[in-house]
Amino acid sequence: MLDARHAFISAYLKGAEAKVVTPDHVDRMAKTSKIRDALAIITDTDIGDYLEEVPARTFDDLDDYLWRYLGKCIAHIEAFKFLPGDVLKISRAYIVR
């Protein structure tokens, strides 16, 4: 049976789903030819808000900023006081390229 720590992180992540990029976003982004046009499609998401503020001009720029964003998200989650050890292990696996 899951303890309260698992219930908390599960609820936290579920709540964050409301502002993630959806398959519809990806489909619309794939039809654009300019980075800024693609980013405009995801302005209603957390990652879109983040990328709106960065000076990305190339794919490599975006890749770098996406990894930075992922690192910040994981660091935020890992800062939770009662994070279960198995969740920490999984989060660390995500940042290995």
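If the condition is being surrounded by 11 or more Cβ atoms within 10 Å (Cβ to Cβ), without any contact (Cβ under 8 Å) to a residue 12 or more places away in the chain and of a type in the set (A, V, I, L, M, F, W, C), then region 15-72 contributes Val26, Ala38, Ala40, Val54. Within region 39-68, the set of residues being among the small types (Gly, Ala, Ser) and modelled with pLDDT of 90 or more comprises Ala40, Gly48.
Of the residues screened, Ala75 is not one that is surrounded by 11 or more Cβ atoms within 10 Å (Cβ to Cβ), farther than 22 Å from Gly15 by Cα and not polar (S, T, N, Q). Scanning region 78-94 for residues that are assigned to a loop (DSSP other than H, G, I, E, B) and exposed (fewer than 13 other Cβ atoms within 10 Å of the Cβ) yields Ala79, Lys81, Phe82. Scanning region 1-35 for residues that are among the charged types (D, E, K, R) and within 26 Å of Ala75 (Cα to Cα) yields Asp3, Arg5, Lys14, Glu17, Lys19. Evaluating Pro84 against the criteria (1) in contact with a helix residue (DSSP H, G or I) (Cβ under 6 Å, 6 or more places away or on another chain); (2) without any contact (Cβ under 8 Å) to a residue 40 or more places away in the chain; (3) not acidic (Asp, Glu) leaves one unmet condition, (2).
Could you tell me how many of the residues in region 31-42 are under 13 Å from the mean Cα position of the chain (by Cα) and not hydrophobic (A, V, I, L, M, F, W, C)? Step through it out loud before you land on a result.
Going through region 31-42, the residues under 13 Å from the mean Cα position of the chain (by Cα) turn out to be 42.
Filter once more, keeping what is not hydrophobic (A, V, I, L, M, F, W, C): none.
Number of matching residues: 0.
Return the residues of region 10-40 that are assigned to a loop (DSSP other than H, G, I, E, B) and not basic (Lys, Arg); say none if nothing qualifies.
Residues of region 10-40 assigned to a loop (DSSP other than H, G, I, E, B): 20-22, 31-34.
Residues satisfying the conditions are Val20, Val21, Thr22, Thr32, Ser33.
Scan region 43-62 for residues that are assigned to a loop (DSSP other than H, G, I, E, B), under 16 Å from the mean Cα position of the chain (by Cα) and over 13 Å from Ala18 (Cβ atoms) and the total you get is 3.
The values are calculated or read from the model by the stated rules, or taken from the named source; none is laboratory data. All values reported here derive from a predicted model rather than from experimental measurement. Ideal geometry is used to build each Cβ from the backbone, glycine not excepted, and the neighbour counts take in all protein chains shown.
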